[in-house]
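The values are calculated or read from the model by the stated rules, or taken from the named source; none is laboratory data. Keep in mind that this is a model prediction, so the values were computed, not measured. Positions of Cβ are backbone-derived with ideal geometry, glycine not excepted, and every protein chain shown enters the neighbour counts.
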Amino acid sequence: MLRSSDGLGEQEHPRVLALELPEPGGPPARVVLELVQPSAADLPSHSDGSPPSRRAAGVSGAGATPHLEALQRIADENGGNRASPGPGYDASVQYAVDLLEAAGYDVSTPAYPLPKRLRRRSGESHCRNVLAQTRTGDPRRVVVVGAHLDSVRKGPGINDNGSGVSALLEIATRLGGSPPVRNAVRFAFWGSEEDDLEGSLHYVKTLSRSDRDDILVYINVDMIASSNAGYFVLGGEGKSRKKFGPPGSAQVACVLVEQLAATGVVARTVPLDRESDYAAFIDAGVPSGGVMTGDRGKKTGKQARRWGGQAGERFDPQYHTPRDRLDKLDHTALDRFTRALAGAVAHFAMSTGSRGPG
Ligand SMILES: [Zn+2]
């Protein structure tokens, strides 16, 4: 069960969201991100112009789809994959950087050293992550949302993790680089996740203590369009801190579950493991959570009754194969997760809560 006895649970009621649920047979589902404008005194002095009393952005899975198509094209043009280091990865970096810069973010591509065992194929000694931060919001209170940008060498990685990347690009471009938010929002696109999480581990390890302490929450997005999708929220479950996450993680999971519920689906919470980029944030004591639609695991009968799809089959039969392509995605899952993540980002971007103790 979820607990909410930590610091982030004490924040004021979110004044952020309105959800427009899809009408059956109606137009595509939209989430309206209502970033209710704070009182004039709260507004960051460097906020752009004077937005109307609220800024609305229609975020949807359909909006993420052009990014998925671009990532598929990049893989097709670069030997069938987007693995880091490699030309398909470099092209993915460039694609994300161009979009985020055009949307008005502060964008950087900090390098991380590649361990010797990863250098053989290309001779490169470094690779890059992509970080994009809003110019508004308190930079000492940062909401970080991350997805790994690399694929395995065996395939194009369109579900794993083109889906997470595309959802973040959709949210980031709709939100824009100068939204009227209380806390800064930082979108992270990690390299070398498929090689022992090198990109995110190095990034967190080399942040100063105070930069680490400025991170309010970390939300990880790794596979959200598996063809036999499950609806999993990671964090706030399990007895050990490694599985449960640092204090505050239950609140992150809670918000993700609530936001998914608003799209019409009941998610299942599961413990964190060390299998994606949240590992470094957990080690640093940052309240963390994540979402995923599943990979090698098989869907149970109960899960198939709850979520649809095929019982006894893997969540993603294409996982880590050349078949992880554009034509194998569950677009309903992609849409629900994209909208739920937009809601969670908006929620934490307006949060007045502090990090949980410790
Ligand atoms: Zn992945």
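For every residue, the table says whether it meets (1) buried (at least 23 other Cβ atoms within 10 Å of the Cβ); (2) modelled with pLDDT of 95 or more; (3) within 16 Å of the ligand (Cβ to nearest atom).
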{"position": "51", "(1), (2), (3)": "no, no, no"}
{"position": "55", "(1), (2), (3)": "no, no, no"}
{"position": "79", "(1), (2), (3)": "no, yes, no"}
{"position": "90", "(1), (2), (3)": "no, yes, no"}
{"position": "116", "(1), (2), (3)": "no, no, no"}
{"position": "122", "(1), (2), (3)": "no, no, no"}
{"position": "133", "(1), (2), (3)": "no, yes, no"}
{"position": "147", "(1), (2), (3)": "yes, yes, yes"}
{"position": "150", "(1), (2), (3)": "yes, yes, yes"}
Output the strands (runs of 3 or more DSSP E) that fall wholly within region 230-336 and possess 2 or more residues being without any contact (Cβ under 8 Å) to a residue 60 or more places away in the chain, or say none. 232-234, 268-270
What do you reckon, is residue 102 of a type in the set (A, V, I, L, M, F, W, C) and surrounded by fewer than 18 Cβ atoms within 10 Å (Cβ to Cβ)? yes
Checking residue 169 against (1) touching a strand residue (DSSP E or B) at 6+ places or on another chain (Cβ under 9 Å); (2) within 15 Å of the ligand (Cβ to nearest atom); (3) not acidic (Asp, Glu), only one condition comes out false. Which one? (2)
Please go through (1) in contact with a Pro (Cβ under 8 Å, 6 or more places away or on another chain); (2) in a helix (DSSP H, G or I); (3) surrounded by fewer than 24 Cβ atoms within 10 Å (Cβ to Cβ) for residue 201 and return the number of the only condition it doesn't satisfy. (1)
One residue from 264, 248, 236 being touching a Pro at 6+ places or on another chain (Cβ under 7 Å) and more than 21 Å from residue 193 (Cβ to Cβ): 248
Before we move on, is residue 267 among the aliphatic types (A, V, I, L, M), within 16 Å of the ligand (Cβ to nearest atom) and under 18 Å from the mean Cα position of the chain (by Cα)? no
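Quick one: count up the residues across region 175-198 that are outside any strand (DSSP E or B) and more than 19 Å from residue 340 (Cα to Cα).
Filtering region 175-198 down to residues outside any strand (DSSP E or B) leaves 175-182, 191-198.
Adding the requirement that they be more than 19 Å from residue 340 (Cα to Cα) leaves 177-178, 180, 182, 191-198.
Looking only at that region, the number is 12.
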